[in-house]
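Notes follow the structure.
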Amino acid sequence: MSDRPASAPPPSATSQFTMLLGLAGYVSALVLLHGSGTARVEAGIIAMLATALPMLGHELLWLRTCSDPATGLGRLGQKQINWPRILQKLAGLCGTLAVIAAAYWLFPEYHRSFYTPFWEACRIALPVLLALAVPYFIVVDLRMEAPGDGYQHAGYLFLGQLDKVDWEVLRDYALGWLIKGFFLPLMFVYFSGNAAYLLKTPLAAAVDSFPALVHYMGRLTVGIDLAFVSIGYVLTLRITNSHIRSCNPLFWGWAVTLAMYVPFFSVIGRKYLDYNDGLGWLDMLGGSEAGVVLWGSAIVTAKLLWAWANASFGIRFSNLTHRGIITNGPYRWTRHPSYLFKNISWWLLSVPFFTTEGAAEALRLSLLLLGINGIYLLRAKAEERHLSEDPAYVAYAMWIEQHGKLRWLGRVLPALRYSPPETAPAR
């Protein structure tokens with residue numbers, strides 16, 4: 001029997017205090033760099049480091065996540081460095097990066113100037129990360145109870161030792177790097193651009209009017225979200241128990257996730273589900289000052305809750321992967337709070353039901369936004385199918401069904417309710 005009271009969910013993979021340390025680092029970087037003229041890429045790197053380092057320190061020194069059984073790490077002991085294995089793992093890492101670089105060179109999408117900030121960031125950060133990889137591999141390898149990980153099997157592949165490759169381990173490793181290779185350039189470009197905007201925007205302009213404040217707060221909350229999201233794709237570290245435990249095996253889960261990101265969203269979102277007609281919430285409210293304050297406050301609240309949900313992952317955010325179950329913060333209210341409040345913010349901002357073209361056009365635009373909402377519902381279902389392989393997630397989801405603050409949503413919309421797998425994982 002568990003000693004955990006029925007009124008509490010399973011323990012979270014990280015703490016809210018970890019998140020607050022990262023948030024403090026991010027805000028401190030913005031304050032210190034504001035008006036300094038720091039270039040976009042350097043600002044992005046500095047802000048990411050300021051966010052990540054406090055969280056890494058707290059994870060390692062206070063929470064001691066390296067001792068969690070899920071890491072597969074034991075005590076350091078008296079083992080000697082296995083240099084052949086270390087070199088195999090380094091070969092696996094370098095070979096993987098070479099394949100990703102070749103894909104960036106091959107596909108026209110990555111020749112767009114949009115990605116230039118990411119290439120500049122790689123030139124600055126990649127040599128440092130490669131140098132840090134050597135001591136990291138040594139320390140982790142010395143402590144691993146089963147040291148034959150994906151890096152070693154990738155090394156076997158690139159060194160031509162195909163008879164030693166465990167293809168299942170290599171497949172999971174490759175999927176994890178495919179996810180990082182796709183999402184990290186996008187997130188860093190968005191994040192660094194947002195950081196540059198915040199650093200050059202005078203605070204006086206941000207509070208010039210309430211609509212200006214709503215706009216600025218929207219950019220700030222998106223910046224917070226992107227800071228934690230970008231860090232998550234970099235810090236997939238076993239030593240902090242933030243490694244990728246598994247990747248989503250569902251093809252349709254990948255399809256509905258990638259559909260919401262460029263370049264795929266350029267087709268799905270802009271040519272089929274474009275719900276914007278050029279009018280927004282300010283057009284709807286006209287000159288009503290009270291309405292602007294109330295509606296604008298709702299927008300800021302929704303965006304803050306969206307950012308809080310993603311920031312609650314600490315260093316563990318990543319699409320299409322399982323890196324630990326988050327059960328605190330807004331995840332105590334409902335499953336998928338990030339998706340919920342993100343979609344609410346889109347309704348509040350775009351107000352598709354308000355148009356000058358009549359009721360039929362309002363219905364059409366609203367149905368298109370409902371189509372976007374439906375894709376996020378499918379994303380949530382795909383994540384639940386994947387995460388339900390972990391008994392901790394099943395316990396968490398069932399707890400939310402009984403105790404979540406927003407559990408009434410499942411009664412109103414049964415599609416939002418959680419259905420545990422027919423054969424629940426053994427605890």
Here are some conditions: (1) within 13 Å of the chain's Cα centre (by Cα); (2) of a type in the set (Ser, Thr, Tyr); (3) within 20 Å of ILE224 (Cα to Cα); (4) crowded, with 21+ Cβ neighbours inside 10 Å. THR321 meets all but one. Which one does it not meet? (3)
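Determine whether LEU76 is at pLDDT 95 or above and among the hydrophobic types (A, V, I, L, M, F, W, C).
On the way: at pLDDT 95 or above: no; among the hydrophobic types (A, V, I, L, M, F, W, C): yes.
Here the answer is no, as LEU76 does not meet what is asked.
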Residue pairs, Cβ under 6 Å, 6 or more apart or interchain, first in the range 322-339 and touching a residue at least 60 places away in the same chain (Cβ under 8 Å), second part of a strand (DSSP E or B). List them. HIS322/SER246
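Take the residues of the range 275-306 that are of a type in the set (D, E, K, R) and surrounded by 14 or more Cβ atoms within 10 Å (Cβ to Cβ): which is nearest to LEU363 (Cα to Cα)? Talk me through it step by step, then tell me what you get.
Of all residues in the range 275-306, those of a type in the set (D, E, K, R) come to 277, 283, 289, 303.
Add one more test, that the residue is surrounded by 14 or more Cβ atoms within 10 Å (Cβ to Cβ), and what stays is 277, 303.
Working: ASP277: 12, LYS303: 25 Å.
Only one residue tops the list, namely ASP277.
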If I ask for residues that are surrounded by 20 or more Cβ atoms within 10 Å (Cβ to Cβ) and either closer than 25 Å to TYR393 by Cβ or β-branched (Val, Ile, Thr) (or both), which ones from the range 16-37 would you list? THR18, MET19, GLY22
Might you check whether a residue that is of a type in the set (Val, Ile, Thr), outside any helix (DSSP H, G or I), out of contact with any helix residue (DSSP H, G or I) (no Cβ under 6 Å at 6 or more places or on another chain) and at pLDDT below 95 occurs anywhere in the range 202-213? no
Within the group GLU384, GLU361, GLU389, GLU422, which residue is charged (D, E, K, R) and modelled with pLDDT under 95? GLU422
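Residue under question is SER67, and the condition is that it be of a type in the set (S, T, N, Q), modelled with pLDDT under 95 and either under 29 Å from LEU203 (Cα atoms) or surrounded by fewer than 20 Cβ atoms within 10 Å (Cβ to Cβ) (or both); does it hold?
Numbers: of a type in the set (S, T, N, Q): yes; modelled with pLDDT under 95: yes; either under 29 Å from LEU203 (Cα atoms) or surrounded by fewer than 20 Cβ atoms within 10 Å (Cβ to Cβ) (or both): yes.
The answer is yes for SER67.
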Among the residues of the range 342-373, which ones are of a type in the set (A, V, I, L, M), under 27 Å from the mean Cα position of the chain (by Cα) and part of a helix (DSSP H, G or I)? ILE344, LEU348, LEU349, LEU368, LEU369, LEU370, ILE372
Restrict the check to the range 214-226 and report whether at least one residue is surrounded by 16 or more Cβ atoms within 10 Å (Cβ to Cβ), over 26 Å from TYR115 (Cα atoms) and either of a type in the set (D, E, K, R) or in contact (Cβ under 8 Å) with a residue 40 or more places away in the chain (or both). yes
Of everything in the range 225-243, what is assigned to a loop (DSSP other than H, G, I, E, B) and over 14 Å from GLY181 (Cα atoms)? Give them in sequence order. LEU237, ASN241, SER242, HIS243
Picking from THR201, THR236, the residue that is surrounded by 15 or more Cβ atoms within 10 Å (Cβ to Cβ), hydroxyl-bearing (Ser, Thr, Tyr), free of Cβ contacts under 8 Å to residues at least 40 places away in the same chain and within 30 Å of VAL41 (Cα to Cα) would be THR201
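Quick one: which of LEU304, LEU213, LEU258 is more than 17 Å from the chain's Cα centre (by Cα) and of a type in the set (A, V, I, L, M)? So that I can check it myself, show each step before the final result.
Details: LEU304 fails: more than 17 Å from the chain's Cα centre (by Cα); LEU258 fails: more than 17 Å from the chain's Cα centre (by Cα).
Only one candidate qualifies: LEU213.
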If only one of TYR275, TYR216 is hydroxyl-bearing (Ser, Thr, Tyr), farther than 26 Å from TRP333 by Cβ, assigned to a helix (DSSP H, G or I) and out of contact with any Lys or Arg (no Cβ under 8 Å at 6 or more places or on another chain), which one is it? TYR216
Just to be sure, is SER312 of a type outside the set (A, V, I, L, M, F, W, C) and touching a residue at least 24 places away in the same chain (Cβ under 8 Å)? yes
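The values are calculated or read from the model by the stated rules, or taken from the named source; none is laboratory data. What you see is a predicted model, and the numbers here were worked out from it, not measured in a lab. Positions of Cβ are generated from backbone atoms using ideal geometry, with glycine treated the same way; all protein chains shown enter the neighbour counts.
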